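Each reported figure results from applying straightforward, stated rules to the coordinates on display, with no laboratory input. Quantities reported herein were computed from a predicted structural model and do not represent experimental measurements. Cβ sites come from the backbone with ideal geometry, for glycine too, and all protein chains shown count toward neighbours.
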Amino acid sequence: MTSTKAAHYLQRAGEQAAGRSFDEAVNQLSTALEFLKKLPSSGARDTQELAIRLALANPLFVINPLPAGELEQNLRRAQALCERLGETELMARVLLNLFFVYWCIGDLDKQRAAGQAGMEIATHSPSEITVFCAGWINGFLAAWTGQYNPARTHLERALAISPAAEAFFLKDPGIALSLIDCIEFLGFYALDAGLPGAGAAP
């Protein structure tokens, strides 16, 4: 079996294993990355590595202590691959994950950098996913730092998505929780700040 086929097989096995065991998923996907190291650099190789690293993010988040840095390293590599491949929508999702890594470890400077990078992507390559990710990151950050009016603006912008996009996001495990949290945050922080229309939903 060639390294390319082995990496592809292990990627599929790791993605399927994530529904049973995060440890098994990490093992399979990490082994897939080792096979990719044997291949010469190419766009196809980078695309496959990016897919593996995105699949690896959630299992790593579950089983590894954040201060250990493995999840951050994986996401930073995914970020570099997105830049190389011009994958702006995937970059928005990587930045969303990186932001919450930085939030969990309390690095405010990196949180702000991720938020700024997300806004730049949403400005230059606007789509429902890039705008949502930028709005959610910056809305969460503004709310967390007590800036309630800017938070509401960002969160409302994030949620100005079409019904089709909302349905698509809710079916995607990588973004569904963020969408639900964004909706809840808008209601909670609007209510906390006493803003008009707060808490109207049951």
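Here are some notes:
- Rel. contact order, % - alpha carbon contacts under 8 angstrom, at least six apart, region 35-108: 28 percent
- Modelled spin labels at VAL62 and ARG84, positioned 7 Å past Cα toward Cβ, are 2.9 nm from each other.
- Stretch gain in nm, segment LEU170-SER127, where the contour uses 0.36 nm per residue and the Cα spacing is subtracted: 13.8 nm
- Region 71-142: proportion of alpha-carbon pairs further apart than 21 angstrom, %: 16 percent
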